[in-house]
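As structure tokens, the structure follows; a few thoughts come after it.
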Amino acid sequence: MHVATTLAEMRQRRAAMKGSVGLVPTMGYLHEGHLSLARRARTDTDYVVASIFVNPTQFGPKEDYQRYPRDPERDLRLLEAEGTDVVFMPSAEEMYPAGFDTWVEVGGSLTERLEAAARPGHFRGVTTIVAKLFEIVRPQRAYFGQKDAQQLAVVRKMAADLNMGIEVVGLPTVREPDGLAMSSRNAYLSHSERQAGTVLWRSLCRARELFEGGERSAEAIRRAMHAVLAQEPLAQVEYVSVADTATLQELEAIAGPALVSLAVRMGRTRLIDNVTLG
Ligand code: AMP
């Protein structure tokens, strides 16, 4: 496995690849969710490139950029064990040199609500860094987790709208045995917050149970999820949403596939999760 810490090294490694390339973009502090993406890339493509870059432009001024967890040595061991060919770990200075002034922004309904409303500028930062990584690595396929469902939809839209010719592959959320979605940010949770964190999954299971029992009123499902969340005193709910998977607009009645998603604060830590119904 090669580690490329500069653009020049990454471009050189890429130029030597004769065959299909799969890209797995990450912010590091890897867990099984990230590794599931690398594993799938390994079976799909001739070369696997993973990136580790805590992207400053997708964090708000009051968010956790400085304290975001980092453990590059462990990350490299884990990626090597998955058969990764190249890990791209650029510096923030090289990705955003002084005078950097070009942004890639997806408009329309996908970036109006949910995470976009809660985190102004977040998706502009995401699509800008992903567009740069796509340009540098020029993969045939790129792998993203359904855990960040809105991000997946926004990146797909960017790739389609800009004719990037890259297949954006979305993979299922990997969970802890008790249902908590794996996330680098789970490391922030105290013991009691970690236990309380299962309430997101319990509320999503309640939504699925109602849907499978024939409930099609989105409001009834949102109310039932709020009722589950209200039982957990540590949980401060930011939003609960039942939205059209294609537009991410809030639904009244569920007729086609629906994205059920939520954001909850546990102390200082913000957790998100989702399932798709139908
Ligand atoms: P991050 O390092 O948080 O930016 O995540 C990098 C990629 O891993 C993104 O495409 C995420 O959606 C994906 N990912 C994060 N957590 C999970 C998970 N629990 N299961 C599957 N994919 C995940």
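The values are calculated or read from the model by the stated rules, or taken from the named source; none is laboratory data. As the structure is a prediction and not an experimental result, all values here were calculated from the model. Cβ: placed from backbone, ideal geometry, glycine included. Neighbour counts: every protein chain shown. For accessibility, only protein heavy atoms count, side chains too; no ligands or nucleic acids. Shrake-Rupley method; radii C 1.70, N 1.55, O 1.52, S 1.80 Å.
Computed values, structure above
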quantity: Any pair with Cβ under 9 angstrom, 6 or more apart, that starts in segment 196-225 at a residue that is over 13 Å from I272 (Cα atoms) and open to solvent by less than 10 Å² (accessible area, probe 1.4 Å) and ends at one that is among the polar types (S, T, N, Q) and assigned to a helix (DSSP H, G or I); calculated: M225/S203
quantity: Top-ranked residue in segment 49-87 [being over 24 Å from N186 (Cα atoms) and open to solvent by less than 20 Å² (accessible area, probe 1.4 Å); ranked as nearest to the chain's Cα centre (by Cα)]; calculated: V49
quantity: Residue ID - most open to solvent (accessible area, probe 1.4 Å), chosen from residues in segment 18-47 that are within 14 Å of the ligand (Cβ to nearest atom) and of a type in the set (A, V, I, L, M); calculated: M27
quantity: Number of positions in segment 143-174 that are within 12 Å of the ligand (Cβ to nearest atom), part of a loop (DSSP other than H, G, I, E, B) and crowded, with 16+ Cβ neighbours inside 10 Å; calculated: 2
quantity: Residue count for segment 131-142, restricted to those that are under 11 Å from V21 (Cβ atoms), open to solvent by 20 Å² or more (accessible area, probe 1.4 Å) and away from the ligand (no atom under 14 Å from the Cβ); calculated: 2
quantity: Which listed residue is out of contact with any Gly (no Cβ under 9 Å at 6 or more places or on another chain) and outside any strand (DSSP E or B), from V199, V237, V260; calculated: V199
quantity: Any hit, segment 175-183, residues being more than 16 Å from the ligand (Cβ to nearest atom), open to solvent by 30 Å² or more (accessible area, probe 1.4 Å), of a type in the set (K, R) and not in a helix (DSSP H, G or I); calculated: no
